[in-house]
Amino acid sequence: MLDERLSNSRAAVPLRFLPSDQQSGFGDMLGVFERWLAFHDGADHTRSRRHANRSYAPFRDERVEPLIQRVVDNLLDDIESDEFDLMSDFAFPLSAIVIADLLGVPSEAHADLTRWTDDIAHLFGSTRVSTEHVYRTQRSTRELVRFLSAPESARRSEQRGGLMHQMRHTESHGYRFDEEEVIAQSALLLFAGTASIRYLIGNSVHALDQRPPYERQLLLEENTAATAVEELLRYCNPVQFIGRVAGADFTHLCRDGTQARIREGQPLLLYIGSANRDAEKFSRADELVLTRPGPNEHLTFGAGRHLCFGDPLVRSTTRIGLASLYRRMPDLRVFRQDLDWNNNLGFHGFQSLRVTARV
Ligand code: HEM
């Protein structure tokens, strides 16, 4: 992650999985992804990131936690049955509504936002991409762009002082995002935020189900919650890997002493999931230890110049979401017979997770 020979210019990498005669015709979709600051290197990245840092200040605003709590409470109020699907009834809408609200765009569209961002997540996170899926992601990206470009999204974002409006009007060091960049960076935030938080919540509930029930209490207590959330981030991280492209030929010396020859242009997967379970770094690395003494130096949010922007939002959403869930449903259990994992290691989690609030 810190190696400058590795490039993040990888918007088009998933298309390499397709037969060469089927790789064209996706220019409009790639145009959106290529504008994402996440896929920029060097000075381009520094400029966009510095600029975005100013526009994204609301992630740290004191109004964010009350917003998350309101969304969580509304979703839990709407759950009428003791048995429900944690993903479709809670985790999916929670992440989509919170991030849409922060951008200031209509959060009633949360089901569409979940579908669109899931298609994009599959494109970048799955190691099996079909031509059909690329077409579906192209349609989803078009719909997402149409949604973000609609006058209603602009009007609401302005009215609420949302992030999208702020991105339009923030100027730093004489630089502004143009309209296409505003739409693309908004799409990036929706994608990067919703596709990861939703699975983190599902993975956490699944992992906690396998621990003694009293451990949930640690999430409810002010002095233990932050440490517990940090351990959930390490152990239940949905982002199992991040991608890079080799910017030059080089030889990599592996831990076991072998050498890997890397060729310029070769796509690489950096396994955060493996680093987070490194036994040389963490004692009882394969165990969820909610009281793990800090600092918990997991790599869940990456490292270096591309370090995640959304970490305060993730920590707050996870803590508030799980504490409220277990406060209302202290006996919550997972039906573990038919676990419905998605086929996606970049954004790993459950498509559905059946649970019951009754003992
Ligand atoms: C469980 C939740 C999340 C996880 C595990 C996660 C993980 C990561 C990781 C590993 C990176 C670095 C990628 C790289 O090095 O190429 C990253 C970057 C990024 N994340 Fe997150 N993320 C999460 C949530 C969010 C949220 C909620 C947002 C915003 C709403 C967000 C926005 C971003 C952005 C914009 C970048 C690109 C930063 C850059 O390239 O400079 N993420 N994230």
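The values are calculated or read from the model by the stated rules, or taken from the named source; none is laboratory data. Note that this is a predicted model, so its numbers are computed, not measured. Positions of Cβ are backbone-derived with ideal geometry, glycine not excepted, and every protein chain shown enters the neighbour counts. With ligands, DNA and RNA removed, areas are computed over all heavy atoms of the protein, side chains included. Shrake-Rupley method; radii C 1.70, N 1.55, O 1.52, S 1.80 Å.
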- Query: Residues of the range 74-132 being open to solvent by 10 Å² or more (accessible area, probe 1.4 Å), within 16 Å of the ligand (Cβ to nearest atom) and in contact with a Phe, Trp or Tyr (Cβ under 7 Å, 6 or more places away or on another chain), which ones?
  - Reply: 114
- Message: within 16 Å of the ligand (Cβ to nearest atom), surrounded by 23 or more Cβ atoms within 10 Å (Cβ to Cβ) and within 29 Å of residue 45 (Cβ to Cβ): is that true of residue 194 in this structure?
- Response: yes
- Message: Among the numbered criteria (1) under 25 Å from residue 95 (Cβ atoms); (2) open to solvent by 40 Å² or more (accessible area, probe 1.4 Å); (3) touching a residue at least 60 places away in the same chain (Cβ under 8 Å), which one does residue 291 miss?
- Response: (1)
- Message: Can you report the number of residues in the range 227-261 which are over 19 Å from the mean Cα position of the chain (by Cα) and within 16 Å of the ligand (Cβ to nearest atom)?
- Response: 4
- Task: Output the number of the condition that residue 312 fails; it satisfies all remaining conditions of (1) over 18 Å from residue 2 (Cβ atoms); (2) modelled with pLDDT of 95 or more; (3) open to solvent by 20 Å² or more (accessible area, probe 1.4 Å); (4) within 23 Å of the chain's Cα centre (by Cα).
- Result: (2)
- Task: Mind listing whichever residues of the range 1-30 are open to solvent by 20 Å² or more (accessible area, probe 1.4 Å), away from the ligand (no atom under 11 Å from the Cβ) and closer than 23 Å to residue 143 by Cα?
- Result: 12, 13, 22, 23, 24, 25, 27, 28, 30
- Regarding residue 49, is this residue under 19 Å from residue 168 (Cβ atoms) and within 12 Å of the ligand (Cβ to nearest atom)? yes
- Message: Looking only at the range 199-232, filter to residues that are out of contact with any helix residue (DSSP H, G or I) (no Cβ under 7 Å at 6 or more places or on another chain) and open to solvent by less than 10 Å² (accessible area, probe 1.4 Å); which one of those is farthest from residue 340 (Cα to Cα)?
- Response: 231
- Task: Mind listing whichever residues of the range 136-186 are surrounded by 15 or more Cβ atoms within 10 Å (Cβ to Cβ), modelled with pLDDT of 95 or more and among the hydroxyl-bearing types (Ser, Thr, Tyr)?
- Result: 137, 140, 141, 153, 157, 186
